[in-house]
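The values are calculated or read from the model by the stated rules, or taken from the named source; none is laboratory data. Note that the structure is predicted; figures quoted are calculated from it, not measured. Every residue, glycine among them, receives a Cβ derived from its backbone with ideal geometry; neighbour counts consider all protein chains shown. Ligands, DNA and RNA are excluded from the accessible area calculation, which covers all protein heavy atoms including side chains. Shrake-Rupley method; radii C 1.70, N 1.55, O 1.52, S 1.80 Å.
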Amino acid sequence: MEKALESIEVGSHSFSAASKLFDKTTRERSWLLYAWCRRCDDIADNQEKGGPLGEQGTPKDAEDRIQAIRVLTRRALEEQPTADFAFDAFGLVAKECHLDYDMANDVITGFAMDATGFAPTNERDMMRYCYHVAGAVGIMMAHIMGVRSDDGETLDRANDLGLAFQIANISRDVVEDAAAGRVYIPADWLAEAGLAPGEHAKPENRFILASIMPRMIALMQKHEDAARLGAKNLPFRSRWAVLAAANIYGAIGRKVLDRGQKAWDSRTCVSRLEKAWHVTTAFFEALRNNPPGPDEPITWSRHDYRPLAGW
């Protein structure tokens, strides 16, 4: 548990802050799940605690790293020793919360996509990627918070929260991702703006790049609003934590939009004071528990985003 706490405090200040709003059992289980996610990401990208990407090597090297993740995850689920605390942690939380290999493999597929150079052609490709790297984690978190497997509506909305988080991440990290040779904005969106993948993040193109952000953040907002409807069905402490996380990550996306072409001159972040404000706001939102939901009817579900053919 100490190692899992260290992992989340180093790897994500936003998730760490939100997780402390959970009751003790849910909080600790969320740390165990996060530790597994962080370790899988580090193995896939050959990095340490979310730091700079390491040498990626050949496609065979990337494939071997993903296979190692799958083997260790399966061993953990079978209650076998893995010699890695993060996988042992996952085995523990999986047993307590009935997480299975299919759930885990949906997340691992996201790491495989990153490790093998995936780039979305269109919006559906991007959303499927977001599902695998974040929406599927949201679904596992819902199970940790006590959502039943037959509560499809709440699980769909948990997926929406992950999608919103990842869209905010993509918007914030465009330049950082481009430096690593990665592009997550759909190629057809870039083409419509007259930008070529690989050229889109150059300083001289950032004014045009910023013109894509209203579309990105509107998509984020749609899924964030849908996720708030799902939070309505959670216990108070879990609802508060989820709404706090939604407020914080939503603020990141909206800051990217507000900063325009300067959004990537420095990392867009939410200060401690701002986080405290968002946590406080979430407390009263959780008390009222009357979210309006998105402007358009919800006709999508987690099944619309999986599986991605060929992965």
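Model label points for Arg70 and Lys20, set 7 angstrom from Cα along the Cα-to-Cβ axis, are 3.9 nm apart.
Relative contact order of the stretch 115-222, taken over Cα pairs closer than 8 Å and 6 or more residues apart, is 31 percent.
Rounded if a/c is under 1.5, else prolate if a/b beats b/c, else oblate: with a ≥ b ≥ c from the C-alpha gyration tensor eigenvalues square-rooted, which is the stretch 230-311? Because a/c hits 1.5 or more and a/b fails to exceed b/c, the stretch 230-311 counts as oblate. Rounded, prolate or oblate, given the Cα gyration tensor of the stretch 1-116, with a/c below 1.5 counting as rounded? Here the stretch 1-116 falls in the oblate category. The label point for Asp265 and the one for Ala179, both projected 7 Å from the Cα toward the Cβ, are 1.7 nm apart. When the accessible area of the stretch 176-216 is split by element with a 1.4 Å probe, what percent falls to carbon and sulfur? With neighbouring chains kept in place, the figure for the stretch 176-216 is 55 percent. Let me know the shape class of the stretch 252-295, please: from the alpha-carbon gyration tensor, a ≥ b ≥ c as square roots of the eigenvalues, rounded when a/c is under 1.5, otherwise prolate if a/b is greater than b/c, or oblate. Cα axes put the stretch 252-295 in the oblate bin.
Pairs from the list Lys20/Lys95; Lys202/Lys222; Lys24/Lys232 with a Cα-Cα gap above 25 Å: Lys202/Lys222. Summed over the residues of the chain and divided among them, the accessible surface reaches 46 Å² per residue at a probe radius of 1.4 Å. Counting protein heavy atoms only, the stretch 228-289 has 60 percent of its accessible area on carbon and sulfur, 1.4 angstrom probe. Per-residue Karplus couplings for the stretch 101-115, computed as 6.51 cos²θ - 1.76 cosθ + 1.60 with θ equal to phi - 60°, are listed in order as 5, 4, 4, 5, 5, 4, 6, 4, 4, x, 5, 5, 4, 4, 5 Hz, Gly and Pro entered as x. For the chain, the mean residue ellipticity at 222 nm estimated from helices alone is -20500 deg cm²/dmol, where every DSSP H run of n ≥ 4 contributes -39500 (n - 2.57) and the total is divided by all residues, rounded to the nearest 500.
Surface composition of the stretch 28-174: carbon and sulfur atoms hold 49% of the protein heavy-atom accessible area at a 1.4 Å probe. Within the stretch 149-275, the ratio Rg/Rh, alpha carbon atoms throughout and Rh by Kirkwood, equals 1.03. The ellipsoid that matches the Cα gyration tensor of the chain has semi-axes, each √(5λ) in whole angstrom, of 27, 25, 18, with the longest given first. The aspartates and glutamates within cross-link reach of Lys60, meaning a Cα-to-Cα straight distance under 18 Å and a gap of 8 or more places when in the same chain, are Asp41, Asp42, Asp45, Asp114. Subtracting the Cα-Cα distance of Glu2 and His98 from their residue separation scaled by 0.36 nm leaves 32.3 nm.
Each Cα pair under 8 Å and six or more residues apart adds its sequence gap; the mean of these over the residue count of the chain is a relative contact order of 18 percent.
Taking 0.36 nm per residue of sequence separation and removing the Cα-Cα distance, the Asp188/Asp150 pair yields an extension gain of 10.0 nm.
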